[in-house]
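J.: Submitted below is the structure of interest, expressed as structure tokens.
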Amino acid sequence: MSKSLDNVGVTFVNVLTGRGTLNNVVNLQFGTYQFDSNDDEGKVEPALATSCRLRMDYMCAQQLYESLGQLLKGIAQEQQALAAEVVEASGERPN
């Protein structure tokens, strides 16, 4: 049985729109681009909306920093391996 504390929403963000500290508390503000159509011209234009704000103490910010570093390093390694496979499969030599 799930506790009510485990039922939290997930928010997708794709841009950091603000950051700062106050009294040793880290404050981050994130935004998400919403793609709305411009009715006058029929164009789709991205509109930035604030999605969420996070406040955390120093210890949590340090954990987030370390975790993001590890995750990003893993993604970079996967992308490099994939790129090497593509080059190998194509028979091309890198410059």
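The values are calculated or read from the model by the stated rules, or taken from the named source; none is laboratory data. What you see is a predicted model, and the numbers here were worked out from it, not measured in a lab. No Cβ is skipped: glycine too gets one built from the backbone with ideal geometry, and neighbour counts run over all protein chains shown.
J.: Going through the stretch 25-44 one residue at a time, which ones are within 30 Å of MET59 (Cβ to Cβ) and either in contact with a Pro (Cβ under 8 Å, 6 or more places away or on another chain) or of a type in the set (A, V, I, L, M, F, W, C) (or both)?
T.: Of everything in the stretch 25-44, those that are within 30 Å of MET59 (Cβ to Cβ) and either in contact with a Pro (Cβ under 8 Å, 6 or more places away or on another chain) or of a type in the set (A, V, I, L, M, F, W, C) (or both) turn out to be VAL25, VAL26, LEU28, PHE30.
J.: Of all residues in the stretch 22-49, how many are in contact with a Phe, Trp or Tyr (Cβ under 9 Å, 6 or more places away or on another chain), polar (S, T, N, Q) and surrounded by 10 or more Cβ atoms within 10 Å (Cβ to Cβ)?
T.: Selection size over the stretch 22-49: 1.
J.: With respect to the numbered conditions (1) free of Cβ contacts under 8 Å to residues at least 40 places away in the same chain; (2) surrounded by 10 or more Cβ atoms within 10 Å (Cβ to Cβ); (3) not aliphatic (A, V, I, L, M), which one is the sole condition not fulfilled by CYS52?
T.: Result: CYS52 fails condition (1) only.
J.: Could you tell me whether the stretch 7-16 includes any residue that is at pLDDT 95 or above and over 17 Å from the mean Cα position of the chain (by Cα)?
T.: No, because not a single residue in the stretch 7-16 is at pLDDT 95 or above and over 17 Å from the mean Cα position of the chain (by Cα).
J.: Okay, moving on. Run MET56 past the list (1) in a strand (DSSP E or B); (2) at pLDDT below 95 and report the number of the one that doesn't hold.
T.: (2)
J.: What pairs come out if I take residues in the stretch 1-29 that are within 27 Å of LEU48 (Cα to Cα) and pair them with residues that are exposed (fewer than 11 other Cβ atoms within 10 Å of the Cβ) and not polar (S, T, N, Q) whose C-beta lies under 6 Å away, six or more apart or interchain?
T.: Close Cβ pairs satisfying both conditions: ASN27/GLY20.
J.: Quick one: ARG19 ticks every box in (1) assigned to a strand (DSSP E or B); (2) out of contact with any Phe, Trp or Tyr (no Cβ under 9 Å at 6 or more places or on another chain); (3) loosely packed, with under 11 Cβ neighbours inside 10 Å bar one, so which box is it?
T.: (3)
J.: Here's a follow-up. Among the residues that make up the stretch 26-43, is at least one of them among the β-branched types (Val, Ile, Thr), touching a helix residue (DSSP H, G or I) at 6+ places or on another chain (Cβ under 8 Å) and in a strand (DSSP E or B)?
T.: Yes; the residues of the stretch 26-43 include at least one that is among the β-branched types (Val, Ile, Thr), touching a helix residue (DSSP H, G or I) at 6+ places or on another chain (Cβ under 8 Å) and in a strand (DSSP E or B).
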